[in-house]
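Here's the structure, in structure tokens; my notes come after.
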Amino acid sequence: MIAEKSATKPIVACEAEVIEADVAIVGAGLAGSLARAVLARAGYRVILIDKRLIPPDEFRVEKIAGRQIDILRRLGFIDDVEAIAAPYDRVLNIRSGKLVDIGVGRSYGISYANLVNMARGLTPDASSFLLDQVTNVSCSEQRQQLTLASGRRVVSRLVILATGMTNVLGHSLGIRRRMLAARHSVSFGFTIARPDNAPFDFDALTCYGEEATDGVDYLSLFPMSGGMRANLFMFRDPTDPIMRELRRDTRRTLLRLMPGLQPYLGDFEVVGQVQNWVMDLTVTEGHLRPGVVLIGDAFQTNCPAAGTGVGRLLVDVERLCTDYVPRWLETAGMGVDKIAQFYSDRDKLAADQHSLQLASFRQALTLNTDMRWNLRRKLHFLRRMITHRVDRIHPGWVMRVRSALR
């Protein structure tokens, strides 16, 4: 967190101060803050700009696992995540009250606001953070210029837009969002607890939807610093009356949708605020511009049920900030030939495509009722149940078979 007094004062009119930097990053969310940390650690002059000192407590990125942990470890930030996150290693996966399988592997539960504060704190130099608002951006093949609400100007060789789903600056550059699926999914986030604050009988739990007509993909329960967090992912019309029921009487509506949960949760209550999020799937067009590059949700949005958003973000940060930006800054100019290298990066393309494919798969697996998908749904869970039971009888068998098939 930025602690300097100058960073906490309201923005006031000032003389037209010009701030020089190698890279200017707009947006101090997770993507922008991590990008600044990587580039600043490499010795570049980086300016991070955001109009908010305190990151919003948004319902986003509450779990980190698998490949995401691997990237954070390569970037050198995993110890910082571990210091503020709640770790867990086992996930019970159930459907219709029956055990499907047990997921094993280190994961972390953490609120988005705490994660962003951690990322911002990775760069102790307070002068590299500007509490201000960008009102105009002008880009060219040589130098980029940002005009701020305070009257200051930032001049840099490269601008990174990490502005999330806000596209005001991108729009001014001719960058547009193309809608792939409006109101693709609906997510709910809330915290549950037992009346006596007794622990639950599991580290973490995933309960999959029982009927395609319910439009429920799954409920994920996992520990966070505030208690047992619940993320519910659905593919239903956001105006459906059940959305109002979930907000007003979350516990009863949840158990009506997923009655198999009751034996695992026992007596519990929903505590605190119930948050919900409606997600559109979009991609950008016209983004190949000199001197500016988009990362994270500023480039492409994700389906929360697919769980690929933070993974895509981390791939963007790692590839851009450890490979491309250092090479770009070695030579003069910042034309589209350089910028195109990042957008055509193999790892980035794979992450982007996988995110969209998994979003489509999760929706079809949840909703589609034709014969092919009904059969596929049954086989999907049956295969997992059989694999789990065989592995319990012959521990390590599944891993050996998978290794032999590679």
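Arrange the following residues from fewest to most other Cβ atoms within 10 Å of their Cβ: 279, 243, 234.
The fewest-first ordering by Cβ neighbours comes to 243, 279, 234.
Using each residue's phi in the range 166-175, evaluate 6.51 cos²θ - 1.76 cosθ + 1.60 at θ = phi - 60° and report the 3J(HN,Hα) Karplus result to the nearest Hz, with x for Gly and Pro.
Once rounded to whole Hz, the list reads 7, 10, 4, 5, x, 4, 5, 9, x, 8.
Can you compute the modelled spin-label distance between residue 147 and residue 239, with each label point 7 Å from Cα toward Cβ, in nm?
The answer from the label model is 4.0 nm.
Report relative contact order for the chain in percent, whole number only (criteria: Cα-Cα under 8 Å, sequence separation at least 6).
19
For the charge dipole of the chain, defined by +1 on Lys and Arg C-beta atoms and -1 on Asp and Glu C-beta atoms about the Cα centroid, which residue among 322, 293, 231 has the Cα displaced farthest towards the positive pole?
Farthest towards the positive end: 231.
Length gain on complete extension for the stretch residue 288 to residue 256, per 0.36 nm per residue less the alpha carbon to alpha carbon distance?
That works out to 6.7 nm of additional length.
For the range 231-328, what's the relative contact order in percent, using C-alpha pairs closer than 8 Å and at least 6 residues apart?
Across the range 231-328, relative contact order equals 20 percent.
Return the FRET efficiency for the residue pair residue 191, residue 387: r is the Cβ-Cβ distance, R0 is 22 Å, and the value is rounded to the nearest 0.05.
For residue 191 and residue 387, the calculated efficiency is 0.10.
Which length gain, in nm to one decimal place, applies between residue 280 and residue 127 when the Cα-Cα distance is subtracted from 0.36 nm times their residue separation?
So the chain would gain 51.5 nm between residue 280 and residue 127.
Put +1 on the Cβ of every Lys and Arg and -1 on every Asp and Glu Cβ in the range 15-69; which of 54, 65, 29 then has its Cα farthest towards the positive end of the dipole?
Comparing the listed Cα positions along the dipole, 65 ranks first.
Which aspartates and glutamates does residue 348 reach when only Cα atoms under 18 Å apart count, and residues fewer than 8 places away in its own chain are ignored?
Cα-Cα hits under 18 Å: 70, 285, 297, 316, 318, 323, 337.
For residue 248, project a label point 7 Å along Cα to C-beta. Then give me every residue of the range 166-192 with its amide nitrogen under 20 Å of that point.
187-190, by backbone N distance to the label point.
Counting only residues 5 or more places away or on other chains, whose amide H sits under 5 Å from the amide H of residue 185 once H atoms are built in the peptide plane?
Result for residue 185 returns 279.
Apply the Karplus curve 6.51 cos²θ - 1.76 cosθ + 1.60, θ = phi - 60°, to the phi angles in the range 67-79 and return the couplings in whole Hz, x for Gly and Pro.
5, 4, 5, 4, 5, 4, 5, 5, 6, x, 10, 5, 5
Excluding residues fewer than 8 places away in the same chain, name every one of the aspartates and glutamates whose C-alpha is closer than 14 Å to that of residue 51.
Hits, sequence-local ones excluded: 132.
Which value, in debye to the nearest 20, gives the size of the charge dipole of the range 168-224 about its Cα centre, when Lys and Arg are +1 and Asp and Glu are -1 at the Cβ?
It works out to roughly 720 debye.
Considering only the other residues whose Cβ falls under 13 Å of the Cβ of residue 333, what net charge follows from Lys and Arg at +1 and Asp and Glu at -1?
Spelling it out: positives minus negatives among the neighbours equals +1.
Could you tell me what percent of the DSSP beta bridges with both partners in the chain are antiparallel, to the nearest 5?
The antiparallel fraction comes to roughly 70 percent.
Testing the spin-label approximation: label points 7 Å from Cα along Cα→Cβ at residue 53 and residue 370. State their distance in nm.
Roughly 5.6 nm, to one decimal.
Under the rule of at least 5 residues apart or a separate chain, name every residue whose amide H is placed under 5 Å from the amide H of residue 45.
Amide H to amide H, under 5 Å and 5 or more residues apart or across chains, residue 45 pairs with 22, 23.
Can you find, among 162, 191, 173, the residue farthest towards the positive end of the dipole of the range 152-197? Put +1 on the C-beta of Lys and Arg, -1 on that of Asp and Glu.
Looking along the dipole axis, the top candidate is 173.
What trypsin sites (Lys or Arg not before Pro) in the range 113-172 are in a loop by DSSP, with at most 16 other Cβ atoms within 10 Å of the Cβ?
In loop regions of the range 113-172 (DSSP not H, G, I, E or B), the sparsely surrounded trypsin sites (Lys or Arg not before Pro) are 143.
Suppose every K and R has +1 on its Cβ and every D and E has -1 on its Cβ; what is the size of the dipole of the chain about the Cα centre, in Debye to the nearest 20?
980
Build a GNM of the chain with springs between Cα atoms under 10 Å: which of 172, 187, 138 gets the top mean-square fluctuation?
172
Under the rule of -39500 (n - 2.57) per DSSP H run of 4 or more residues, summed and divided by the residues of the chain, what mean residue ellipticity at 222 nm is obtained, to the nearest 500 deg cm²/dmol?
-10500 deg cm²/dmol
Karplus couplings for the range 183-193 from phi (6.51 cos²θ - 1.76 cosθ + 1.60, θ = phi - 60°), rounded to Hz, Gly and Pro as x?
6, 4, 8, 10, 10, 10, x, 7, 10, 10, 7
Can you tell me how much longer the chain between residue 210 and residue 98 gets when fully stretched, taken as 0.36 nm per residue apart minus their C-alpha distance, in nm with one decimal?
39.2 nm
Amide H neighbours of residue 94 under 5 Å, counting only residues 5+ apart in sequence or on other chains, H built in-plane at 1.01 Å?
Correct list: 100, 206, 207, 208.
Going by how many other beta carbons lie within 10 Å of each one, how would you line up 271, 154, fewest first?
Ascending Cβ contact count within 10 Å gives the list 271, 154.
No value in this document is a laboratory result; all are computed from the given coordinates. All values derive from a computational prediction rather than experimental measurement. Methodologically, a virtual Cβ is constructed for each residue, glycine included, from the backbone with ideal geometry; neighbour enumeration extends over all protein chains shown.
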